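A short worksheet on the structure shown next.
The values are calculated or read from the model by the stated rules, or taken from the named source; none is laboratory data. Note that the coordinates shown come from a computational prediction; the quantities given were computed from them, not determined experimentally. Cβ sites come from the backbone with ideal geometry, for glycine too, and all protein chains shown count toward neighbours. All accessible areas refer to the heavy atoms of the entire protein, side chains included, with ligands and DNA or RNA removed. Shrake-Rupley method; radii C 1.70, N 1.55, O 1.52, S 1.80 Å.
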Amino acid sequence: MSSVTLGPRDRLVGQLYIEGDLHVSGTVEGEVEATGNVEVAEGATVKASLSGRDVGISGQVNGTVTASKKLVVSRSGSLTGDVRVSSLVIQDGATFNGSVSMTGGGQKAPKPAPLEMPVDAAPMVAAQAAAPNGPAAEKPKPKRR
């Protein structure tokens with residue numbers, strides 16, 4: 001898979017489609033689509049729709065963002081625009097203005113792993129299961145006067 005880097009003094013106006021990863025340190029205006037990861041570095045300015053597998057934003061982005069796996073807006077990042085993601089992380093200090101649409105990423109959810117518990121926990125779990133409404137039902141309620 002290839003990797004493309006736009007440096008701090010680079011400027012792209014238009015459409016860009018990349019079979020691979022993209023690292024942006026400069027200015028982008030238009031549309032960007034990558035089959036791999038997209039990283040917008042601190043100090044970068046993007047006024048475009050962005051699409052990639054994992055998208056990381058440390059600079060400023062104004063536009064629609066689609067991440068098929070995960071979108072991370074870091075502390076220094078600023079995002080204004082709607083997002084469509086499978087997983088979203090907005091770190092403390094980041095700014096985000098827009099709406100979020102959570103998707104399954106086109107993949108089926110994995111089956112949950114079997115529950116593993118220590119042998120001595122089994123009687124406690126069985127006792128909780130026998131209570132009609134869980135452990136809270138076992139406590140007597142105070143009488144009202």
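Miscellaneous remarks
- In the stretch 93-102, residue most open to solvent (accessible area, probe 1.4 Å) [restricted to those that are assigned to a strand (DSSP E or B) and under 18 Å from Arg75 (Cβ atoms)]: Asn97
- Screening the stretch 76-92 for residues that are closer than 16 Å to Gln60 by Cβ and among the aliphatic types (A, V, I, L, M) and picking the one that is most open to solvent (accessible area, probe 1.4 Å) gives Ile90.
- Sole exception among (1) open to solvent by 20 Å² or more (accessible area, probe 1.4 Å); (2) on the phi > 0 side of the Ramachandran plot for Gly63, by number: (1)
- Among the candidates Ser49, Ser58, Ser68, Ser78, residue that is within 25 Å of Thr103 (Cβ to Cβ), within 11 Å of the chain's Cα centre (by Cα) and modelled with pLDDT of 95 or more: Ser68
- Of all residues in the stretch 31-60, those being surrounded by fewer than 20 Cβ atoms within 10 Å (Cβ to Cβ) and in a strand (DSSP E or B) number 9.
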